[in-house]
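Q: Structure provided below as C-alpha cells; questions to follow.
All of the numbers you see were taken from the coordinates with simple rules; none came from a lab. Note that the structure is a prediction, hence the values are computed from the model and not measured. Here the Cβ is made from the backbone with ideal geometry for all residues, glycine too, and neighbour counts use every protein chain on show.
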Amino acid sequence: MTADHTGARTTHEPLAVRVLGGPTALFEYGGLRFLTDPTFDPPGDYPRPGGPTLTKTAPSAATPAELGRVDVVLLSHDEHADNLDHAGRALLADVPLTLTTPSGGQRLGSGAKGLADWEAVELERPGGGTVVVTGVPAVHGPGAREDVVPFTGEVVGFVLTGEGLPTVYVSGDNASLDAVRRIAERFGPVDTAVLFAGAPRFPVLFDGEPLVLDSAGAAEAARILDARHVVAVHCDSWTHFTEDREDVVKAFTAAGLAERLRPS
C-alpha cells in the first residue's frame, strides 16, 4: 500500500475481475459493481445493417440473472452486437447507470450518460465517499479518430479512481497506442488495466488491419501504462477475433510482462 496525494492509503492489490466472454467482465470497485460491454446472446450469426455479419461461437459464462446486482455498465459503444447484444440491451433497463459514448448516451436515452474525452462523473459509494469515472480516448481502428469513426463508430474507454482505491483502466474497443500514451500521461501508473484485445479484422475495413489491439499491442499498452496487473478480455467467442488468450500470453511473455497478466 502507498499514500496518495491526500494522504489516504491506497491499495495496489489486483482487482478481482470475472471475465464472462468476449468483452464482458464483472468487477466490484469501491463497493459498486461494474459490468463491461454486456453480451449474453447465444452463439450464432448476427447481421449488421450495412456491415459484415458477426458470428458468435461460444456462450457467456453466466446469464444476466446470475450476475446479481449491477450498479454501473461501462459500455465502450452501443452499435455492434459483439459489444452490446439483445440480452445486453434488455439488461440495461435494470441497471441504474450506463456510461458510454456521447452519441450512445443519446441513443440509449434514460439511464445512460455519455462521456466525452476527460469528462468525469462522481458516483456515490456505499458507506460514503465517491468513485470517479473518467471517459478517456479510444479509437476503433487504425489511424486518426476522424478517419475511423465514419466506418466503425465512436468509442470510449474509462478510468476509475477514488480515495484509497487503485487506479483502474478499461480500454474499450481501442486500437490506438497514441490514445494509451495520453491516458498514461494523466493517470499512470495504472494498478489494473482491463485491456480489450483479440485483433478483430475484416478484409473490407482498413485493409484488414486490427480494429482493436492485437496481443503485441496489448503488451505494449501495459508497458506504456506501467500497469501492475492486466486482465485481457475481448479475445474469445467471435470469429472475427483473429487472436486468442493464448496469443495474449505469448505476447506478454515475449515482452517480459508475463507476471503482470492475471488469470480470468
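Q: I'd like the distance between the alpha-carbon centres of the stretch 165-191 and the stretch 35-110, rounded to an integer number of Å.
A: 22 Å
Q: Please turn the phi angles of the stretch 58-71 into ³J(HN,Hα) values with the Karplus equation 6.51 cos²θ - 1.76 cosθ + 1.60 (θ = phi - 60°), one per residue in order, whole Hz, x for glycine and proline.
A: Rounded to whole hertz, the list is 8, x, 5, 6, 8, 8, x, 5, 8, 6, x, 5, 10, 8.
Q: All other residues with a Cβ under 9 Å from the Cβ of Val230 taken together, and with Lys, Arg as +1 and Asp, Glu as -1, what is their net charge?
A: On the way: positive: Arg228, Arg260, Arg262; negative: none.
Around Val230, the surrounding residues sum to +3.
Q: Between the alpha-carbon centers of the stretch 213-264 and the stretch 132-150, tell me the distance in whole angstrom.
A: The stretch 213-264 and the stretch 132-150 have Cα centres separated by 20 Å.
Q: P(r) for the stretch 59-203: what percent of alpha-carbon pairs falls in each 10 Å bin, starting at zero?
A: Reading upward from the zero bin: 11, 40, 37, 12, 1, 0.
Q: Same structure, new question: Any chance you could list the semi-axes, whole Å, largest first, of the equivalent ellipsoid that the Cα gyration tensor gives for the stretch 10-105, using √(5λ)?
A: Ellipsoid semi-axes (Å, largest first): 24, 15, 12.
Q: Also: Once phi is turned into ³J(HN,Hα) by the Karplus curve 6.51 cos²θ - 1.76 cosθ + 1.60 with θ = phi - 60°, what whole-Hz value does each residue of the stretch 132-144 show in order, with x for glycine and proline?
A: Working through the residues one at a time gives 9, 10, 10, x, 10, x, 8, 10, 8, x, x, x, 6 Hz.
Q: Additional query: Cut-off is 10 Å between beta-carbons; in what order do Thr101, Thr239 appear when sorted fewest neighbours first?
A: Details: Thr101 25, Thr239 12.
Result, fewest neighbours first: Thr239, Thr101.
Q: GNM on the chain, C-alpha springs below 10 Å: top fluctuator among Arg18, Arg186, Arg107?
A: The residue that fluctuates most here is Arg186.
Q: Fewest Cβ neighbours within 10 Å first, please rank Trp238, Trp118 accordingly.
A: Numbers: Trp238 23, Trp118 13.
Listing Trp238, Trp118 from fewest to most nearby Cβ atoms yields Trp118, Trp238.
Q: Using 12 Å as the cut-off for backbone N distance, which residues of the stretch 146-190 belong to the label zone defined by a point 7 Å from the Cα of Glu209 along Cα→Cβ?
A: Residues 146-149, 175-178 fall inside that zone.
Q: Quick one: net charge around Ala175, please, counting Lys, Arg +1 and Asp, Glu -1 for every other residue with C-beta under 9 Å from its C-beta. Don't skip to the answer; put the middle values down first.
A: Numbers: positive: none; negative: Asp173, Glu209, Asp214.
It works out to a net charge of -3.
Q: Return the long-range amide H neighbours of Tyr29 (sequence gap of 5 or more, or a different chain), with a cut-off of under 5 Å between placed amide H atoms.
A: For Tyr29, the qualifying residues are Phe34.
Q: Rounded to the nearest 20 Debye, what is the dipole magnitude of the stretch 206-264 about its Cα centre when Lys and Arg each give +1 and Asp and Glu each give -1 at the C-beta?
A: Value, rounded to 20: 380 debye.
Q: I need the calculated FRET efficiency for the pair His86 and Glu13, taking r as the beta carbon distance and R₀ as 45 Å, to the nearest 0.05.
A: 0.80
Q: Quick one: Val156, Val70, Val136, fewest Cβ neighbours within 10 Å first, how do they rank?
A: Fewest-to-most Cβ neighbours within 10 Å comes out as Val70, Val136, Val156.
Q: For labels at Arg69 and Asp147 in the simple 7 Å Cα→Cβ model, what's the distance in nm?
A: Computed distance between label sites Arg69 and Asp147 equals 4.7 nm.
Q: OK, next. Placing unit charges on C-beta atoms (Lys and Arg positive, Asp and Glu negative, everything else neutral), compute the dipole magnitude of the stretch 61-100 about its Cα centre in debye, rounded to 20.
A: For the stretch 61-100, the charge dipole is close to 120 debye.
Q: Whose amide H sits under 5 Å from the amide H of Ser76, counting only residues 5 or more places off or on another chain, with H placed in the peptide plane?
A: For Ser76, the qualifying residues are Asp37.
Q: Let me ask you something else. So how strong a dipole does the chain carry about its Cα centre when Lys and Arg Cβ are +1 and Asp and Glu Cβ are -1, to the nearest 20 debye?
A: Charge dipole, the chain, about its Cα centre: 400 debye, nearest 20.
Q: Tell me the Kirkwood radius of the chain: reciprocal of the mean inverse pair distance over distinct alpha-carbon atoms, in Å.
A: In the chain this quantity evaluates to 18.2 Å.
Q: Moving to a separate point now. With only alpha-carbon pairs counted, each pair once and no self-pairs, how large is the Kirkwood hydrodynamic radius of the stretch 150-230 in angstroms? Before the final figure, lay out each step's value.
A: Numbers: mean 1/r = 0.0764 Å⁻¹.
One decimal place: 13.1 Å for the Kirkwood radius.
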